[in-house]
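J.: Below: one structure in structure tokens.
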Amino acid sequence: MINKVETYIKKDGLLSADALHLVALSGGADSVAMLRVLLALGYHVEAAHCNFHLRGDESDRDEQFVKNLCQQNDVQLHLIHFDTAEYASLHQVSIEMAARELRYRYFNQLRQDVGAETVCVAHHRDDAVETFLMNLLRGAGIHGLTGIRPRNGHIVRPLLCISRQDILQYLDSIGQHYVTDSTNLVDDVLRNKIRLRLIPLLDEMSPGASDNISRTATYLSEAEKVYNDGIRRYGDALARWREESPASEGNLVPPYPRTPVPPIIPISDIKSSPSPLCLLHEWLSPLGFNRSQVDQLVDSLDGGSGKELSSPSHALVIDRDRIIVEPISVPLSPLHIPEPGNYRTSDRHLLKVESTSVITISKTPDCATLDLSKVQFPLTLRPVREGDAFCPFGMSGHRLVSDFLTDLKLSVLEKRRQLVVTDATDTILWLVGLRTDNRFRVTPDTPAILRFTFL
């Protein structure tokens, strides 16, 4: 077994021969075997034990066993006590989650304090099989069916190549005792039910089932590399950032506030991929969209424009022949403008409102010039509302703002964040960044102008 572990460590580059490594030592068979194997292989190790005070005298028994074991093998021991139940209650998490958070937080801090390169935990092949089956029962995708990884940051698992039976035989061969966590012998949680009931049944039905499941997880882990490469290639090709707004033909800019331009993915490109479902899942799940929403989106690819979805952090819309996703932003609060001056919007942009007798006409979308004599203060900067209408510069007659924005091919998300400046009668002066109202245009008879500038 020592040779098998040594080969596995070298193959995956898990441990450096000249570095210090921490061993997470519970006192159970797995962690005790890991300690003894790493010592036999000549690695420089120190041990870390957590007393979670969850099993009464049994927890204290484990602590004493670990102290004796480290003393016998001349291993430096780091020991910590946790009030796990209190932590779980305070943070409103399960006891299992509380113990996990406390344990790994401590291990990470201790690793930095003592200058260790890694923290070694004693997951073995059977643990990986249990994880595979748990994720299978939960409906996991390919990422959840690859078992437990040999390395996760500074956490390494040198025993994933061996079984629980290998561990027990090794400890028996060297006469090494260990302690048993009685909670692992009760099938009260899913993992224990899989360990104590399902896996023995599978092995009875098909001898070598655990080995075959482990092998399948390994195959899937390799297949995952190909899958990830394919997703990355499609992602690089599809998730390009817009350099121009949909209204660029009219020399206009996206409506203020100018958030980072969202990625636009052509639906035709998604549908031409080998698996639109996988591509969308990998793109959207990191943004908080769940599998049910992705399924809805796939079903809507042929359904035309207008489908909307939202996650806690992002909004998505099917807009004509494309999918647009952007972060959800807090709606801009209306800004009261009693007179010319400098004003800060609720998202901290600067709006300069100036009056001058020097007649100039702005030709940039971030600046608008109006006939001051036709403007009634106070003014308001606010988001567009349903039913808003204005007289677009250069055009005759009124138009609904919503129709005007639709003609510019703006998405529903862009329409919602569009701003307008209105006067004291709530008449629109400026559709910000896009068009002024023709009734307030500068003419040869204009005595002074009112200039708006966003900075």
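The values are calculated or read from the model by the stated rules, or taken from the named source; none is laboratory data. All of these numbers come straight from a predicted model, not from anything done at the bench. Neighbour counts run over all protein chains shown; Cβ positions are idealised from the backbone, glycine included. Protein only, heavy atoms only, side chains kept; ligands, DNA and RNA dropped before computing areas. Shrake-Rupley method; radii C 1.70, N 1.55, O 1.52, S 1.80 Å.
J.: Restricting to lysines 8 or more places apart or on different chains, can you count the pairs in the chain with Cα atoms under 27 Å from each other?
T.: 15
J.: Suppose R0 equals 45 Å. What FRET efficiency, 1/(1 + (r/R0)^6) with r the Cβ-Cβ distance, do residue 92 and residue 204 give to the nearest 0.05?
T.: In this case the efficiency is close to 0.65.
J.: At 7 Å along Cα-to-Cβ for each site, give me the label-to-label distance between residue 445 and residue 321 in nm.
T.: Placing both labels 7 Å beyond Cα along the Cβ direction yields 4.9 nm.
J.: For a protection proxy built on the mean count of beta-carbon atoms within 10 angstrom, sort 323-333, 280-290, 119-129, 83-93 highest first, please.
T.: 119-129, 280-290, 323-333, 83-93
J.: From the P(r) of segment 388-431, could you give the percentage of C-alpha pairs in the tail past 12 Å?
T.: Above the 12 Å cut-off, segment 388-431 has 62 percent of its Cα pairs.
J.: Hey, another quick one. Where does the chain land at 222 nm, in deg cm²/dmol rounded to the nearest 500, when only DSSP H runs of n ≥ 4 count, each adding -39500 (n - 2.57), divided by all residues?
T.: So the helix-based figure for the chain works out to -11000 deg cm²/dmol.
J.: OK, next. For residue 186 and residue 349 in one chain, what is 0.36 nm times their gap in residues minus the Cα-Cα distance, to one decimal in nm?
T.: Here the answer is 52.6 nm.
J.: Taking all pairs of distinct Cα atoms, average 1/r, flip it, and tell me the Kirkwood hydrodynamic radius of segment 350-427 in Å to one decimal place.
T.: It is 14.2 Å.
J.: With only alpha-carbon pairs counted, each pair once and no self-pairs, how large is the Kirkwood hydrodynamic radius of the chain in angstroms?
T.: 27.6
J.: Compute the angle between helix 164-173 and the longest alpha-carbon principal axis of the chain, please, reported from 0 to 90 degrees and rounded to the nearest 10.
T.: The angle comes out at about 30 degrees.
J.: So how much slack lies between residue 57 and residue 74, counting 0.36 nm per residue of separation and subtracting their Cα-Cα distance, in nm?
T.: 3.5 nm
J.: Right, here's the next one. What do you get for the angle between helix 29-40 and the principal long axis of the chain? Use alpha-carbon atoms, 0 to 90 degrees, nearest ten.
T.: Helix 29-40 sits at roughly 80 degrees to that axis.
J.: Please list the three semi-axes, largest first and in whole Å, of the ellipsoid equivalent to segment 10-95, using sqrt of 5 times the eigenvalues of its alpha carbon gyration tensor.
T.: In descending order, the three semi-axes are 28, 16, 10 Å.
J.: How much of the calculated P(r) for segment 266-401 lies past 17 Å, in percent of all Cα pairs?
T.: 73
J.: Could you look at segment 78-225 and say what percent of its accessible area is carbon and sulfur, using a 1.4 Å probe and all protein chains?
T.: Roughly 52 percent of what the probe reaches on segment 78-225 is carbon or sulfur.
J.: Tell me the angle of helix 125-137 to the major Cα principal axis of the chain, expressed in degrees between 0 and 90 and rounded to the nearest ten.
T.: 40
J.: About the Cα centre, and with charges only on the beta carbon of Lys, Arg (+1) and Asp, Glu (-1), how big is the dipole of the chain? Nearest 20 debye, please.
T.: Approximately 1140 debye in magnitude.
J.: Now for a separate question. Given a Förster radius of 45 Å and the C-beta distance between residue 380 and residue 285 as r, what FRET efficiency does 1/(1 + (r/R0)^6) yield to the nearest 0.05?
T.: The value I calculate is 0.65.
J.: Relative contact order of the chain: what whole-number percent is it, with Cα pairs under 8 angstrom and at least 6 residues apart?
T.: So the answer I get is 11 percent.
J.: Determine the gain in length on full extension of the stretch residue 364-residue 100; use 0.36 nm per residue of separation and subtract their C-alpha separation, reporting nm with one decimal.
T.: The residue 364-residue 100 span can extend by a further 89.4 nm.
J.: Now for a separate question. Can you give the FRET efficiency to the nearest 0.05 for residue 272 and residue 81, using r as the Cβ-Cβ distance and R₀ = 60 Å?
T.: Once rounded, the FRET efficiency stands at 0.55.
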